[in-house]
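These notes concern the structure reproduced below.
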Amino acid sequence: MQVNAQTVSGQPNLKIISIGTSPECSISLELAVQAWDSQILNRAVAQGNSLNVPDSLGAEEMRCAFAQLVNEFPKLGIEYLTIRLDENRLREAQELQRYGFERLDTIFEFNKKITAPGATGRPLQPEYVVRSAVAADASEVGQLAAQSFQFSRFHSDLKIAPHLAEKIHFEWGKNCCLGAAADHVCLVFKKSHLAGFVSCKFSGWIGLVAVSPKDRGRGLGKLLLHLADQWFLQQGCTEAFVQTQANNFAALDLYRASGFQARATKSTWRWTSL
């Protein structure tokens with residue numbers, strides 16, 4: 001089998017590996033190197049954005065291709081890799097497990113059409129103030145992110161210490177405000193403290209939604225999704241997407257109550273050389 005690994009032109013952190021006897025009988029994987037994850041975990045971290053396996057590939061060919069694929073990771077300097085697969089891709093999941101991948105979590109993906117901003121739920125109490133994030137909010141948003149996402153794939157991974165999982169989410173929240181991980185962030189403040197935030201992308205994706213523990217149960221989650229709807233419509237976006245872990249029951253209830261419908265179930269698989 002031929003192995004071809006190349007860096008995407010103009011995108012040094014994006015690599016594509018293809019393995020097979022011909023273009024029609026090759027598996028391919030797009031890898032995105034994760035800079036801040038790598039720095040925090042002190043290892044080279046990458047995310048598999050798309051794993052393509054032709055249906056025509058036989059069992060033996062598939063097994064050989066996956067074996068060679070995994071052998072390429074160390075050659076590319078990758079030490080930790082996650083791939084997300086649709087739950088119905090059983091052949092691929094079996095091969096990932098055969099060659100050292102471990103399943104970390106199950107993800108439910110939701111979407112909804114936006115024709116008008118969703119209902120805000122109960123009226124917002126006068127002590128709460130809504131505004132858009134600026135760079136100066138980065139640290140405070142990061143702190144709330146660090147304490148909020150306990151169901152993430154990082155917390156599910158026994159290879160990652162809890163304090164490092166929290167640090168990854170701190171950086172994620174911070175980078176949302178700095179424009180590196182989101183295009184817009186809506187904030188809700190109560191007097192001087194951050195009560196909640198939601199991050200949005202022009203593509204319609206909601207990245208992070210968090211409410212401070214002492215402000216939960218007051219309808220702020222639904223308000224944040226309403227604010228996201230407003231922003232998406234202002235950008236000309238008429239469909240929103242969000243995902244969460246299958247065991248995050250509070251988030252599942254919030255998204256369903258806000259008009260989202262499940263559209264896919266995926267699993268996160270992790271490989272590491274350490």
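Readers should treat all values here as calculations from the given coordinates under stated rules, not as data from a laboratory. Model, not experiment: these values are computed from the prediction. Positions of Cβ are backbone-derived with ideal geometry, glycine not excepted, and every protein chain shown enters the neighbour counts.
Say we look at region 125-139 and pick out the residues that are farther than 26 Å from L252 by Cβ and of a type in the set (G, A, S); which of these is surrounded by the fewest Cβ atoms within 10 Å (Cβ to Cβ)?
Taking region 125-139 first, the residues farther than 26 Å from L252 by Cβ are 126-127, 129, 131-132, 134-139.
Still in the running and of a type in the set (G, A, S): 132, 135-136, 138-139.
On the way: S132: 12, A135: 10, A136: 8, A138: 21, S139: 12.
Restricting to residues being farther than 26 Å from L252 by Cβ and of a type in the set (G, A, S), the top hit is A136.
Per-residue answers, yes or no, for (1) polar (S, T, N, Q); (2) crowded, with 17+ Cβ neighbours inside 10 Å; (3) under 17 Å from R131 (Cβ atoms):
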position	(1), (2), (3)
K190	no, yes, yes
V211	no, yes, yes
G219	no, yes, no
A240	no, yes, no
A246	no, no, no
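Search region 212-225 for residues that are hydroxyl-bearing (S, T, Y) and pair each with any residue that is in a helix (DSSP H, G or I) when their beta-carbon atoms are under 7 Å apart and the residues are at least 6 apart or on different chains.
Filtered contacts from region 212-225: S212/L144.
Tally up the residues in region 148-172 that are closer than 23 Å to K266 by Cβ and either part of a helix (DSSP H, G or I) or among the acidic types (D, E) (or both), please.
10
Determine which single condition T115 fails, assuming it passes every other condition in (1) outside any helix (DSSP H, G or I); (2) exposed (fewer than 15 other Cβ atoms within 10 Å of the Cβ); (3) without any contact (Cβ under 8 Å) to a residue 60 or more places away in the chain.
Condition (3) is where T115 drops out.
So, in region 131-147, how many residues would count as being under 21 Å from D183 (Cα atoms), of a type outside the set (A, V, I, L, M) and in a helix (DSSP H, G or I)? Can you show your working first?
Start the filter on region 131-147 by keeping residues that are under 21 Å from D183 (Cα atoms), which leaves 131-146.
If we keep only those that are of a type outside the set (A, V, I, L, M) as well, we get 131-132, 137, 139-140, 142-143.
Applying the additional criterion that residues be in a helix (DSSP H, G or I) yields 137, 139-140, 142-143.
So the answer is 5.
So how many residues does region 57-97 have that are of a type in the set (S, T, Y) and within 27 Å of R263 (Cβ to Cβ)? If you could, list the steps in order and put the result at the bottom.
Looking only at region 57-97, we keep the residues that are of a type in the set (S, T, Y), and these are 80, 82.
So of that shortlist, the ones also within 27 Å of R263 (Cβ to Cβ) come out as 82.
Summing the residues that are of a type in the set (S, T, Y) and within 27 Å of R263 (Cβ to Cβ) in region 57-97 gives 1.
Can you name the residue in region 140-178 that is among the basic types (K, R) and in contact with a helix residue (DSSP H, G or I) (Cβ under 7 Å, 6 or more places away or on another chain) and is also surrounded by the fewest Cβ atoms within 10 Å (Cβ to Cβ) among such residues?
Going residue by residue through region 140-178, those that are among the basic types (K, R) are 153, 159, 167, 174.
With in contact with a helix residue (DSSP H, G or I) (Cβ under 7 Å, 6 or more places away or on another chain) added as a condition, the list becomes 167, 174.
Working: K167: 20, K174: 22.
The extreme case among them is K167.
Surrounded by 17 or more Cβ atoms within 10 Å (Cβ to Cβ), in contact with a Ser or Thr (Cβ under 8 Å, 6 or more places away or on another chain), without any contact (Cβ under 8 Å) to a residue 40 or more places away in the chain and small (G, A, S): is that true of A181 in this structure? Quick ask: steps written out before the conclusion?
Details: surrounded by 17 or more Cβ atoms within 10 Å (Cβ to Cβ): yes; in contact with a Ser or Thr (Cβ under 8 Å, 6 or more places away or on another chain): yes; without any contact (Cβ under 8 Å) to a residue 40 or more places away in the chain: yes; small (G, A, S): yes.
When the stated conditions are applied, A181 passes them.
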